[in-house]
């Protein structure tokens, strides 16, 4: 009897909606049509944001490639000025991200996202013409501010189109594009070496100019590719729009969503320990993602004693491997609604990788260690975000919780900019040791989060048995009918 009482609100509401219109024999046909619609979203929605995130990460991360191609020397950077420029980006990323998480849902996604992309594309383009450290700082400030608005917009947009049990893979799409950006960035950086000297400009300047132009062009295309909502989606017919409408009703019935949020939602997010637990873990794991992604070309060139050309193309397979691992982990995580296992399984590989990087071993072995680091690099960052997102309700609380997490996230970005100073080569002991410790903290933190969710689920099961009911207006993920994914 207790098991019957513990049926989730999601199952109840989902069956109610489908059975209201369809009989039992037609339920399978409904699910088939729904699967077709989700596949259509994956073809027309997910790729747009994957490319947006790819160019975003290219524009922020190419400073590492530019440094290996002579930017440091040409604009007369001294000491740790390169690291300072990296950290400045994340400071202004932080300043933009939380308010963006709260405000962006009040705006039209089809207008605000292309506008954000256009602004940072122009800044990237301008970076190709800077002449000093001051110019670099100005561009990193602007780039950080505009890009800080992007990910909250993407995350909330996806939450409007996908159910929570589908969300992990779609957030994975975004972070896979980050991994691919690292690979594509290496390929592009290698290619622009051949442009060095054209129009009396260095290759690194062409790197920024080409990426800036590409971003501006894609921003223009996004004005046509991103729909305001499902009613205006050009890629859906009337029957498919009806299915999306029904899905939206199911999601709202389960999460208590109203499409708007209040100060109460923000307070609920702020006083919920899971917002801060996931956020603190995110500081740790994003230190690895941004430190690894930004400085990998420098680590390979100066740390492993490879040439500039070798450093440009050796980053490619490492990032592709990280994307493959994340893709497999995300699919399995969504399929089995298992958020904890992929994270705690992959993290130890990265810990071993950093331990090897701290050891006195041949360059080939140390390069192999970067593949071990790539395994948790992307999945631990995106997986932690997905875990919090699917366990927040209603949608206002989800937006605020993600805002807290994403704001804390970029503290890790600031840290990552300082742990790999240029004068630390070839050992880069501080960076590797700090990253090893950060990944260890993340691994321990997930065990704490898992225990917290299990304790809450036990309390909910007891409340369900006792017949505790929560008024609809007060429904959150703390209600007995909301089942956490663990």
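Numbers for the structure displayed
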| read-out | value |
| --- | --- |
| Hits in region 319-333 - residues which are buried (at least 23 other Cβ atoms within 10 Å of the Cβ) and more than 26 Å from residue 366 (Cβ to Cβ) | 330, 333 |
| Filter result for residue 406 (outside any loop (DSSP other than H, G, I, E, B), in contact with a helix residue (DSSP H, G or I) (Cβ under 6 Å, 6 or more places away or on another chain) and closer than 30 Å to residue 473 by Cα) | yes |
| Condition met for residue 438 (in contact (Cβ under 8 Å) with a residue 12 or more places away in the chain and surrounded by fewer than 24 Cβ atoms within 10 Å (Cβ to Cβ)) | no |
| Residue list for region 441-459, restricted to those being touching a residue at least 60 places away in the same chain (Cβ under 8 Å) and either farther than 30 Å from residue 295 by Cα or surrounded by 13 or more Cβ atoms within 10 Å (Cβ to Cβ) (or both) | 441, 442, 443, 445, 446, 448, 449, 450, 452, 453 |
| The lone exception for residue 41 - which of (1) over 18 Å from the mean Cα position of the chain (by Cα); (2) at pLDDT below 85 it fails | (2) |
| Filtered residue count, region 269-312, keeping only those that are in a helix (DSSP H, G or I), surrounded by fewer than 20 Cβ atoms within 10 Å (Cβ to Cβ) and in contact with a helix residue (DSSP H, G or I) (Cβ under 6 Å, 6 or more places away or on another chain) | 2 |
| Condition met for residue 440 (in a helix (DSSP H, G or I) and modelled with pLDDT of 95 or more) | yes |
| Exclusive hit being touching a helix residue (DSSP H, G or I) at 6+ places or on another chain (Cβ under 9 Å) and not in a helix (DSSP H, G or I), set 386, 427, 369, 399 | 427 |
| Residue tally, condition at pLDDT 90 or above and over 20 Å from the mean Cα position of the chain (by Cα), over region 322-359 | 11 |
| Conditions (1) in a helix (DSSP H, G or I); (2) modelled with pLDDT under 90; number of the one not met by residue 221 | (2) |
| Checklist (1) closer than 24 Å to residue 288 by Cβ; (2) surrounded by fewer than 23 Cβ atoms within 10 Å (Cβ to Cβ); (3) touching a helix residue (DSSP H, G or I) at 6+ places or on another chain (Cβ under 6 Å) applied to residue 184, failing item | (3) |
| Filtered residue count, region 138-176, keeping only those that are touching a helix residue (DSSP H, G or I) at 6+ places or on another chain (Cβ under 6 Å) and under 14 Å from residue 60 (Cα atoms) | 12 |
| Those residues of region 46-88 which are surrounded by fewer than 22 Cβ atoms within 10 Å (Cβ to Cβ) and not in a helix (DSSP H, G or I), in sequence order | 70, 75, 76, 77, 78, 79, 80 |
| Residue that is under 20 Å from the mean Cα position of the chain (by Cα), modelled with pLDDT under 80 and surrounded by 20 or more Cβ atoms within 10 Å (Cβ to Cβ), where the choices are 159, 149 | 159 |
| Which listed residue, of 473, 478, 456, is part of a loop (DSSP other than H, G, I, E, B) and either over 30 Å from residue 358 (Cβ atoms) or touching a strand residue (DSSP E or B) at 6+ places or on another chain (Cβ under 6 Å) (or both) | 478 |
| Whichever residue in region 99-129 is surrounded by fewer than 19 Cβ atoms within 10 Å (Cβ to Cβ) and not in a helix (DSSP H, G or I) and, among such residues, is farthest from the chain's Cα centre (by Cα) | 129 |
| Number of the condition not met by residue 393 [criteria: (1) under 29 Å from residue 332 (Cβ atoms); (2) part of a helix (DSSP H, G or I); (3) at pLDDT below 85] | (2) |
| Residue ID - surrounded by the most Cβ atoms within 10 Å (Cβ to Cβ), chosen from residues in region 192-204 that are in contact with a helix residue (DSSP H, G or I) (Cβ under 8 Å, 6 or more places away or on another chain) and in a helix (DSSP H, G or I) | 204 |
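To keep it simple, each residue is scored yes or no on (1) in contact (Cβ under 8 Å) with a residue 60 or more places away in the chain; (2) within 17 Å of residue 152 (Cα to Cα).
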| residue | (1), (2) |
| --- | --- |
| 26 | no, no |
| 49 | yes, yes |
| 52 | yes, yes |
| 56 | yes, yes |
| 64 | yes, no |
| 74 | yes, no |
| 110 | yes, yes |
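The values are calculated or read from the model by the stated rules, or taken from the named source; none is laboratory data. Quantities reported herein were computed from a predicted structural model and do not represent experimental measurements. With ideal geometry, Cβ positions are generated from the backbone for all residues, glycine too; neighbour counts draw on all protein chains shown.
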